[in-house]
Amino acid sequence: MSRKKASKTEQIRVLERRQMEREILLSSILTDDQLYMAYDTTAEGFSAERAEEVLDEKGENIIEQSKEQPVALRLLLSFTSPFSLVLLLVAAVSFLTETLYGGDRSYATLTIILSLVLISGLVQFFQEFRSDRAASKLKEMVSSNASALRDGKMQEIPMSEIVPGDIVALSAGDMLPADLRILTAKDLFIGQAALTGESEPVEKFQSIKAPPKSALEAANMGFMGTNVVSGSARAIVIATGSKTYLGLLARELTGKKAQTSFEKGIADVSSLLLRLMVVMVPVIFLVNGLTKKDWVSSLLFALSVAVGITPELLPMIMTSTLAKGALSMAKRKTIVKNLSSIQSFGAMDILCTDKTGTLTEDKIILERYLDVHGNDDRAVLKHAFLNSYFQTGMKNMMDLAIIERARKENHMDWFRTYRKLDEIPFDFNRRRMSVVLEDDCGKRQLITKGAVEEMLNICNYALYQGEAHAITDSLRNEALELSGRLNEGGLRVIAVAQKNEVSDVGVFSPADETEMVLMGFVAFLDPPKDSAKQAIAALKGHGVRVAVLTGDNEKVAISVCGKVGLEADEVLLGADIETISDDELKVLTERVNLYAKLSPAQKARVVRLMQENGHVIGYMGDGINDAPALHQSDVGISVDSAVDIAKESAHIILLEKSLMVLEEGVVEGRRTFGNIVKYIKMACSGNFGNMFSILAASVFLPFLPMLPIQILTQNLLYDFSQIAIPLDRMDEEYLRKPQKWNAKGIARFMYHLGPVSSLFDILAFLTLYFVFRYNGTDFSQSYFQTGWFIMGLLSQTLIVHLIRSAKVPFIESRAALPLLVSTIGVSLAGLAIPYTIIGDALDMAPISGLYIPCVLGLLMLYAIAVQMIKVYYIRRYNEWI
């Protein structure tokens, strides 16, 4: 039946894919007017009112990878955990035995079991419901906008409000907000790796010569989820949300999300405990059945043991701890897009970052405009202004600084006598951009600005005092020396060039950027942040090394690094990296902190090789050139003001571009991870020890060491004592080091602490059996079971405090108040239950008051033994949590 259902689903998806292909291919061959008619729009776009109507009709531009489950269904699923299912199985067997065999008790056992199921399910439901709501609110804090024509004006609107028929503008750095048909394009290159896996960007055009063979081959179509690498365009939206090509892929991939190393590690631990349970529980069932000759009770006992050694709270503890960590980080202006990335944040030991806005103020000021000999020259400012003003691509901080300087000097009217004919967008290979202008007299001019060395390569002449001079080796060296001096003073320098002899070709390309006349240089100041030095020291104090990966000049980068206290004795340039093998570069990455003049691909390569050296890498960036490195890193960090592709590639978004904010996030990530590991180590070591304790008791005792309902009650109380673990604190020493997932360490911890737990359980058995003579005669087995119930519960709550810190518990390190309250409250409840009506229902007996001092003595010896093991363990393995 399931195969038929899967086959039918696949057939539906094939039909959907074919239908979408037809619609895309049809859109690719329609004329502009036909498209406007089909979507009831115009070249001026929608009015605000009409857009609202279409939005109501078509729905928000959001891909729903999986529909949100109704609250009722989620509540029902909360009762399907292994814990609840085993409880229900025990309840069913209990009901059958009492009904069929006429037990003398009422259905109190059944009532208590069902109460346990209800309490456990409700706790899990409310914790997960609150966590999901918290995660949703955090995602809403990250903004994503698109440029669309509304009421005849290009406006920034939320991407979720884009509708079919909208006319949108695209420029470098934008994520395509929907499936689009290109109307106009200028040197438009789209990165389609998210859909096709192609590493190289694909050029898109406004028209095609022949109908494409497939949707993704349509050269005049763009698809949601891809990004603009360079160039600009205007397009009409043909599909949004789940109706897009990406939406179709999302439906096909629902439920196929890859696990992180952290999630895999937790799954492995759970699997290990479940495998131990599968092996041990049948053995316990057989041993008790053969020795006690009561197979029904033995079955119930074995099933209850299964519950006791199942880490049933692990999903809830993990989810609530991560959600609590995410909310704490949000208060520190750090938004977590994926809760699992918190662990990677805490494990990070190298932070790679660009310097602009991170080490510097990100408030670029145009300080100088100079000719090739270093004299102030207003003509240089004018040409730089015209280039920045007329470009239609994304204006960077330097463009804005140039325009602002012209405004301050009252030269904003410079543009009035010019009109733009064309432009050649920036790309990271040329490292320059150009505009082609024509003045009122019909004179044409190509104006280019870009990186100094790349600009010198296309210039044959230099302008000085109104005359063009051929660039000689001497003049070239003088220009480079001038640029170098400015760089050493902490100024970023770009060159400005122009040429007047521009052919009437209509469409221009980088091939036209030749035989240029060098006008001079513009120099910018981006002062270091006052907080950067303190933040780098704080990160270093927490075991995080900072490495700068920048596309900027090395001299500027060295100057900035020196001012913020970052060691930069050795610098690697992009040109050097191209000639170095991976093995050689791996060695260099261990000591080099500054990489300059890097391309986007080179940044990603450096990050990859650091990872291969065993480091957990965080990458902080906000530009188009940072997207590959953000994607490659273990934890990508961007800012809310970043370009769309950078935010999409990042795992964590900062609302404030500051290393101090980042350092606080690292500490919170480690605190969150530490609390999860606490629970895992407590569960593993406790359950491992309990299995051997129960097996030993089953072999040597003539009766069950504890009734099934008593085991289940003890387990539930213990679970309640641990619910406050997400609110616990971590020792400062733990927070100072990067914390990585260590499956071997968890297994090693389990093998050291588990046997200690078993040893003291057996000592409790011997005390009850030989000292108090609870050996099964008369009603003494109830007293024995009550005694072990108390000892087991108190030792399990005590171990929470013994394990939670590497220090001496209660003296050098104390748990947070909620955890203290929960453990003390559960311990007092456990001591009181045998003397209440609940104890009667659980077949417990009011045990002798003399037993309590014995228990306290055993617990004191247990604490001393665990502390001794802790000291030995830390000395040998240099770790605890």
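The values are calculated or read from the model by the stated rules, or taken from the named source; none is laboratory data. Quick caveat: nothing in here was measured; it's all calculated off a predicted structure. Every residue, glycine as well, gets a Cβ built from its backbone with ideal geometry; the counts of neighbours run over all protein chains shown. Side chains are part of the model used for accessible areas, which takes the heavy atoms of the whole protein and leaves out ligands, DNA and RNA. Shrake-Rupley method; radii C 1.70, N 1.55, O 1.52, S 1.80 Å.
Compute the distance in nm between two label points, each set 7 Å from the Cα along the Cα-to-Cβ direction, one at ARG814 and one at ALA511.
Computed distance between label sites ARG814 and ALA511 equals 7.9 nm.
How much length would be gained if the chain were fully extended between ILE864 and GLU656, taking 0.36 nm per residue of separation minus their Cα-Cα distance, in nm to one decimal?
Net length gain for the segment: 70.1 nm.
Tell me which residues come under 5 Å, amide H to amide H, from ALA239 once H is placed; ignore anything under 5 positions away on its chain.
Hits under the 5 Å cutoff: ASP179.
Is the shape of the chain rounded, prolate or oblate, going by the alpha carbon gyration tensor and its root eigenvalues a ≥ b ≥ c, with a/c under 1.5 for rounded and a/b larger than b/c for prolate? Don't skip to the answer; put the middle values down first.
Details: a/c = 3.36, a/b = 2.00, b/c = 1.68.
Prolate, because a/c is 1.5 or more and a/b exceeds b/c.
Based on the Cβ-Cβ distance from ILE29 to LEU77, what FRET efficiency comes out when R0 is 60 Å, to the nearest 0.05?
0.80
Can you bin the stretch 781-822 into rounded, prolate or oblate? Criterion: square roots of the alpha carbon gyration tensor eigenvalues sorted a ≥ b ≥ c, rounded for a/c under 1.5, prolate for a/b above b/c, oblate for the rest.
Working: a/c = 4.37, a/b = 2.51, b/c = 1.74.
It comes out prolate by the Cα gyration axes.
Cα centroid distance between the stretch 359-375 and the stretch 527-598, in Å?
22
Lys and Arg at +1, Asp and Glu at -1: add these up for the other residues within a Cβ distance under 15 Å of GLN155 and post the number.
Numbers: positive: ARG50, ARG150, LYS153, ARG234; negative: GLU44, GLU49, GLU52, ASP151, GLU156, GLU161, ASP166, ASP174.
After counting each charged neighbour, the total is -4.
Mind checking which aspartates and glutamates have their Cα closer than 17 Å to the Cα of LYS807? Skip sequence neighbours fewer than 8 apart in that chain.
Those aspartates and glutamates meeting the cut-off are ASP728, ASP731, GLU732, GLU733, GLU879.
Quick check: net charge around GLY231, other residues with Cβ under 10 Å of its Cβ, Lys/Arg +1 and Asp/Glu -1? Let's see the in-between values first.
On the way: positive: LYS186, LYS204; negative: ASP187, GLU203, GLU423, ASP427.
Charge balance near GLY231 sits at -2.
Taking the simple approach of a point 7 Å from Cα along Cα-to-Cβ for both PHE205 and PHE770, what is their distance in nm?
Taking the simple label geometry, PHE205 and PHE770 are separated by 9.4 nm.
Compute the separation of the alpha-carbon centres of the stretch 807-881 and the stretch 382-423 and state it in Å as a whole number.
Going from one Cα centre to the other spans 73 Å.
Using a Förster radius of 56 Å, what is the FRET efficiency between ILE837 and GLU60 based on their Cβ-Cβ separation? Nearest 0.05, please. Show your work: numbers first, answer last.
Values: r = 55 Å, r/R0 = 0.99.
The pair ILE837/GLU60 has a calculated efficiency of 0.50.
Using 1/(1 + (r/R0)^6) with R0 = 51 angstrom and r between the beta carbons of ASP731 and LEU573, what's the FRET efficiency to the nearest 0.05?
On the way: r = 43 Å, r/R0 = 0.83.
That pair, ASP731 with LEU573, gives E of 0.75.
Give me, ordered by chain and number, the residues 5 or more places off ALA146 or on other chains with an amide H under 5 Å from its own placed amide H.
ILE157, MET159
What spacing in nm lies between the two simple spin-label points modelled at ALA92 and HIS411, each 7 Å away from Cα in the Cβ direction?
8.4
Report the full-extension gain for the segment SER160 to LEU122: residue separation times 0.36 nm, less the Cα-Cα distance, to one decimal in nm. Write down the numbers at each step before the final one.
Numbers: separation 38, 0.36 × 38 = 13.68 nm, distance 3.43 nm.
Taking 0.36 nm per residue and subtracting the Cα distance, the gain is 10.2 nm.
Tell me what the chain gives for mean residue ellipticity at 222 nm when only DSSP H runs of n ≥ 4 count, each as -39,500 (n - 2.57), the sum divided by the residue total, rounded to 500 deg cm²/dmol.
It lands at -16500 deg cm²/dmol.
When the chain is fully extended, how far beyond the present Cα-Cα distance does LYS586 get from ASN145, taking 0.36 nm per residue of separation? All intermediate terms of the calculation are to be shown ahead of the outcome.
Details: separation 441, 0.36 × 441 = 158.76 nm, distance 3.91 nm.
Working it through step by step, the gained length comes to 154.9 nm.
Give the range of the longest stretch in the chain that excludes all chymotrypsin sites (Phe, Trp or Tyr not before Pro) found in loop regions by DSSP and having at most 12 other beta-carbon atoms within 10 Å.
Longest run free of exposed loop sites: 102-778.
Share of the chain's accessible area from carbon and sulfur, percent, 1.4 Å? If you can, show how the numbers build up before the last one.
Working: 22190 of 38940 Å².
The nonpolar share, carbon plus sulfur, comes to 57 percent.
For a 18 Å ceiling on Cα separation, which of these pairs sit above it: LYS382/LYS499; LYS533/LYS740; LYS337/LYS647; LYS363/LYS408; LYS586/LYS647; LYS331/LYS657?
Numbers: LYS382/LYS499 14 Å; LYS533/LYS740 27 Å; LYS337/LYS647 10 Å; LYS363/LYS408 16 Å; LYS586/LYS647 28 Å; LYS331/LYS657 15 Å.
Those over the limit are LYS533/LYS740; LYS586/LYS647.
What angle do you read, to the nearest 10 degrees and between 0 and 90, between the alpha-carbon axis of helix 659-700 and the longest principal axis of the chain?
With both axes taken from Cα atoms, the answer is about 30 degrees.
Provide the percentage of antiparallel DSSP beta bridges, counting only those with both residues in the chain; round to the nearest 5. Don't skip to the answer; put the middle values down first.
On the way: 70 of 94 bridges.
Expressed as a percentage, antiparallel bridges in the chain total about 75.
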